[in-house]
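> One structure follows; several queries about it will come next.
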Amino acid sequence: MASRTKEREKHQIQFISTPIYSKDKEKPPYTRFVCISTLSKKSLTVTSLLVLLFTFLYLFLSPTSFQSPYSIGLTQTQANSTCDGIAPFYIYDLPARFTTDLVDRCQFLNIYVDTCPHVVNQGLGQPVTSKLGPSWYGTNEFLSDMLFHARAKKHPCRVHDIDAAKLFYVPFYAGLYASFAFREGNHTLRDQLAVELVSYLSNKPTFRKHGGRDHFLVVGRTSWDFMRISDPNIADFGANRLLYLPELADVAVLTIERHPWEGKNQFGIPYPSYFHPKTADEVVRWQNKVLGSKRPYLYAFVGGARVASEKAAVRAEIINKCSASKQCAQVTCKTGTIGCYDPTKVLATLRGAQFCLQPPGLSFTRRSTFDSILAGCIPVFFSEHSAYTQYEWYIPNEARNWSVLLDQKKAEQIEEELGKIPLKEVESMRKEVVRMIPQVTYAHPDSTIPGFRDAVDIALVQLTERVGRALEQEQTAVRVD
């Protein structure tokens, strides 16, 4: 009997489980089973050979397999538990004038574009009707405040008991407010909602306890739109003074572009792009797809001309150079055209190029940077303030591992400069860019636990660390006194 048992064990197929990502600490992680035969050489049968063959095909030819030639996995945070490193956070239930009332006035937000189609679906905008898939939307670049709020409301680390919270989120739709107030000539009226917000917060015991050091808000536009300088010699382009209000000096402000010199409490977060996946598998499939894209063009540029600035000269040179080159793919943005707002066209252009040019526009940063990352196209910058001083929470420490920085004076030699980079180095940079996709992506708000850490998760981790440091310094100061 014992000898027959040993014989059966010798012919048994063992299953070794490889954890992918645990969505629930209380449950075992989802596993992909890898069959390994323990058959001895003498007893190897045709059946076992077939098992090994099918196992090999599954592991190495499956489109979502982590062993795929083009798969690079998600991020180093993939294996983390959902709330590891994220403090329990509370979301204030603000009066409607700070949130939904602004959404309801969408038709008055922009005199050039109808904003109402963009604020639907929790800020995702209209679904993209193409072969891209169900998780693609025509998301507006200035709606990160709405997207962050939608994602945070269903986040597993959110708490509804204010006393249990270590972090406090003020979900003011500041970007919509700024858009609405741009055309208000009376500064008092333009600043009114910002002043009312500060008054509201100042009356909250949770805010007064630490002076706002454990609070944060998300503004859906660049910091410049909330930092009006009271100087008659400086042109008034419609900004308000939200970020100059002293009560918010210690509140963390998440913005798509921070002030490089004055933004000590400002932290750059990604511009929203078009991809809002619900699962990790969607991300991996897209990563594999962009890594396998054919790229017949050396470089690409998506954008339009600018006027009356040094930045305009760089853009003009790039547009002229690209238009005359057979090595450049281009989507030109002009008033009355929709090419730049067509996700399918934009992504197809960026996926067809090795490098994507990111010259400054009206300000230092561009949404196109994140479209390029999504397309696996290596960004080429002309100012360190276009990314390196902006998105430290999201980008690799070594800039040269994923991007190129060119002096603006070398705009005329773009092809020569990019052509100097060895192909092996280009491929390495591209893989690094594609690794960044999950962390600069806003997951679909309806996906409570998508299985990867997105832009919101990364921000919450960093905010948790910031609050810990701030409160520790506060306690140290108290002990010294």
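> Could you please find all residues in segment 384-427 being in contact with an Asp or Glu (Cβ under 7 Å, 6 or more places away or on another chain) and polar (S, T, N, Q)? Explain how you work it out, then say what you get.
Here is the first cut: in segment 384-427, the ones in contact with an Asp or Glu (Cβ under 7 Å, 6 or more places away or on another chain) are 390, 396, 401-402, 405-406, 410-412.
Matches in segment 384-427: Gln390, Asn401.
Condition check ((1) touching a Phe, Trp or Tyr at 6+ places or on another chain (Cβ under 8 Å); (2) without any contact (Cβ under 8 Å) to a residue 40 or more places away in the chain; (3) in a helix (DSSP H, G or I)) across all residues:
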site	(1), (2), (3)
Thr369	yes, no, yes
Ile373	no, no, yes
Ile395	yes, no, no
Glu412	no, no, yes
Thr448	no, no, no
Ile458	yes, no, yes
Thr464	no, no, yes
Glu472	no, yes, yes
Gln475	no, yes, yes
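> So which of Glu392, Glu398, Glu384, Glu412 ends up being open to solvent by 40 Å² or more (accessible area, probe 1.4 Å), more than 20 Å from the chain's Cα centre (by Cα) and not aromatic (Phe, Trp, Tyr)?
Glu412
The values are calculated or read from the model by the stated rules, or taken from the named source; none is laboratory data. Treat the numbers as computed from the prediction; the structure is a model and nothing was measured. With ideal geometry, Cβ positions are generated from the backbone for all residues, glycine too; neighbour counts draw on all protein chains shown. To get the accessible areas, we keep the full protein, side chains included, count just its heavy atoms, and leave off ligands, DNA and RNA. Shrake-Rupley method; radii C 1.70, N 1.55, O 1.52, S 1.80 Å.
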